[in-house]
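Just so it is clear, none of the values below were taken in a lab; they were calculated from the coordinates. All figures in this text were calculated on a predicted structure; none of them were measured in a lab. All Cβ positions, glycine included, derive from the backbone under ideal geometry; neighbour counts span all protein chains shown.
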C-alpha cells in the first residue's frame with residue numbers, strides 16, 4: 001500500500017529550518033573569520049567559493065534524484081526506492097572524487113585565475129579541510145532525501161540545528177584556541193565544519209535506522225537491480241547537478257571578478273552574498289518540498305492535488321522573498337557591524353561598500369524566487385532538463401558577461417556587478433513562469 005503523501009508547508013518548514021542551520025553554520029564561520037581580519041575573510045571567501053562549485057553539483061544531483069524516490073514511494077514501490085537509493089549512492093560517490101582533488105589542486109587553480117598569491121596561500125589549509133568534509137556532506141544529503149520522503153523531516157531539522165552549536169564551539173576551540181588548545185586561525189575554521197558534518201551524517205543515519213525508516217528498502221536476498229534504476233536517477237539528477245554547479249560557478253565567477261577589484265570589494269561581496277543566502281535557503285527548501293510533494297502525487301496520478309500544491313508553493317515563495325528582502329534592507333547596518341570590526345580605514349571602507357551591496361541583495365530575492373522555486377515545481381512534474389537549461393543560459397549568457405562589462409570595463413565596480421545579476425535573475429524567473437504555464441496547458 002502506498003504511504004500517506006507529504007504535506008507541502010510542514011515539509012518546507014522542516015527542510016527550511018535544516019537549510020537555515022547550514023546557513024547559520026556558514027554565517028558563524030563568516031563572522032568568526034571576520035574577527036581574524038579582512039585579509040583572512042577575503043582568503044576564506046576565495047577558498048570557499050572554489051569548494052562550493054563542485055560541492056553544489058553533488059548536492060544538486062542528490063536533490064534532483066529525490067523526485068524519483070518520492071514518485072516511487074507514491075506508487076508503493078519500496079524496493080524501487082531502495083534500488084534507486086543504491087544507484088544514487090554509487091553515482092554520488094563518483095562525484096565526490098573531484099572535490100577531494102581540490103585539496104591538492106585548489107591553490108594552483110586560484111593562482112592560475114590571477115588571484116592574489118598571498119590570499120591563496122593563506123586560505124589553502126582552510127580549503128583542504130573543507131574538501132575532506134565532502135564525503136560526510138554527500139552521505140548526509142542522501143539520507144536527507146530519504147528521510148524527507150519517509151516522513152522524518154523534523155529529525156533533519158533537529159540534527160541540523162544542533163550542529164550550529166557544535167560548529168560554533170569547534171570554531172572557538174580550534175580557531176581561537178580556547179580551553180588551552182593552540183589557536184589555528186583559518187586551519188581551525190576548516191577543521192570545525194569537517195567534524196560537524198561528520199557528526200551530522202552519523203546522527204541522521206543512527207536516527208533513521210533506529211526509527212525503522214530503512215526497513216523494506218534493502219531486503220537481504222533480493223537484487224536491487226541498480227542498473228535498472230541508474231538511468232532514471234541520472235535523468236533527474238544530472239540536470240539539477242549541472243544547474244547547481246552552474247549557479248555556484250556563476251557566483252564563484254562573480255567572486256573572482258570582485259577579487260579583481262581588491263580585498264575591500266571581496267569582503268563586502270562576501271557579506272552580501274552570505275546574508276542573501278539565508279532567504280535563498282528558505283526558498284530552496286520550499287522548492288525541494290514542492291518537488292517531493294508534487295512528484296509523490298504525480299506518481300499516484302492525483303493531478304488536482306499536484307496543481308494546488310504548485311500554486312501554494314508559488315505564492316508562498318513570492319511572499320517569503322518580499323518579507324525577507326524588506327528585513328534585509330532595513331537591517332543592513334547592524335549586519336555589517338556584526339561582521340566588520342571598526343578601527344582601520346580598510347574595515348571602514350569595506351563596511352560602507354557592504355551596506356550598498358546588501359541593498360542589492362535585498363532586491364535580488366523577489367526577482368530570483370522564480371528561478372529557485374519553479375525549478376523544483378517543474379522537476380516534480382517530470383520537467384527537469386528545460387528549467388536547468390534556461391537558468392544556465394540566463395546566468396552565464398546574460399548575467400556574467402554583462403557583470404564583467406559593467407563592473408570592470410565601465411568601472412561601476414561592485415554596484416555594476418550586482419545590477420547585472422538582478423537583471424539576469426528577473427529574466428530567468430519570467431522564462432520559468434512561462435514554461436510552467438505551457439506545461440500546465442499541455443497536461444490539463
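So what is the relative contact order for the chain, in percent, with contacts set as C-alpha pairs under 8 Å and at least six apart? It would help to have the intermediate numbers written out before the result.
Working: 727 pairs, mean separation 104.7, N = 444.
Taking the mean separation of contacting Cα pairs over the length of the chain, I get 24 percent.
Counting each DSSP H run of 4 or more residues in the chain as -39500 (n - 2.57), what helix-only mean residue ellipticity at 222 nm follows after dividing by all residues, to the nearest 500 deg cm²/dmol?
About -29000 deg cm²/dmol.
Calculate, in nm to one decimal, what residue 90 and residue 323 gain on full extension: separation in residues at 0.36 nm each, minus their alpha carbon distance. Mind dumping the intermediate values first?
Details: separation 233, 0.36 × 233 = 83.88 nm, distance 4.05 nm.
Here the segment from residue 90 to residue 323 would lengthen by 79.8 nm.
Using the basic label-point model (7 angstrom from Cα toward the beta carbon), what is the residue 9 to residue 100 distance in nanometres?
4.5 nm
Please give the helix 78-112 orientation as an angle from the longest Cα principal axis of the chain, in degrees from 0 to 90, rounded to the nearest 10.
20 degrees
So how do 267-274, 300-307 stack up, highest first, on mean other-Cβ count within 10 Å?
Peptide ranking by packing, descending: 267-274, 300-307.
Does region 119-204 classify as rounded, prolate or oblate by the C-alpha gyration tensor (a ≥ b ≥ c root eigenvalues; a/c under 1.5 gives rounded; else a/b over b/c gives prolate, otherwise oblate)? Working shown, then result.
Details: a/c = 3.65, a/b = 1.83, b/c = 2.00.
It comes out oblate by the Cα gyration axes.
I'd like the FRET efficiency for residue 111 and residue 161, computed as 1/(1 + (r/R0)^6) with the beta carbon distance as r and R0 of 51 Å, rounded to 0.05. Before the final figure, lay out the partial values.
Details: r = 38 Å, r/R0 = 0.75.
With R0 = 51 Å, the Cβ-Cβ based efficiency is 0.85.
Place the peptides 176-186, 395-405, 357-367 in order of packing, highest mean first, counting for every residue the other Cβ atoms within 10 Å and averaging per peptide.
Values: 176-186: 13.5, 395-405: 18.0, 357-367: 22.2.
Result, highest mean first: 357-367, 395-405, 176-186.
Candidates (i) 1.24; (ii) 0.95; (iii) 1.00; which is the computed Cα Rg over 2.2 N^0.38 Å?
Here Cα Rg over 2.2 N^0.38 Å agrees with entry (ii).
Evaluate E = 1/(1 + (r/R0)^6) for residue 443 and residue 408, where r is the Cβ-Cβ distance and R0 equals 45 Å; express this FRET efficiency to the nearest 0.05.
0.50
Determine the gain in length on full extension of the stretch residue 389-residue 183; use 0.36 nm per residue of separation and subtract their C-alpha separation, reporting nm with one decimal.
69.6 nm
Once both axes come from the Cα atoms, what is the angle between helix 226-259 and the longest principal axis of the chain, in degrees from 0 to 90, rounded to 10?
Helix 226-259 sits at roughly 20 degrees to that axis.
I'd like to compare 65-74, 82-91: which one has the highest average count of other Cβ atoms within 10 Å, and what's the full order after that? Intermediate results must be reported in sequence, preceding the final value.
Values: 65-74: 26.4, 82-91: 21.8.
Packing order, densest peptide first, comes out as 65-74, 82-91.
Once fully extended, how much extra length lies between residue 356 and residue 209, figured as 0.36 nm per residue of separation less the alpha-carbon to alpha-carbon distance?
Using 0.36 nm per residue and subtracting the Cα-Cα distance, I get 48.1 nm.
Calculate how steeply helix 345-380 sits against the longest principal axis of the alpha-carbon atoms of the chain, using the helix alpha-carbon long axis, and give the answer as 0 to 90 degrees to the nearest 10.
Roughly 10 degrees, rounded to the nearest 10.
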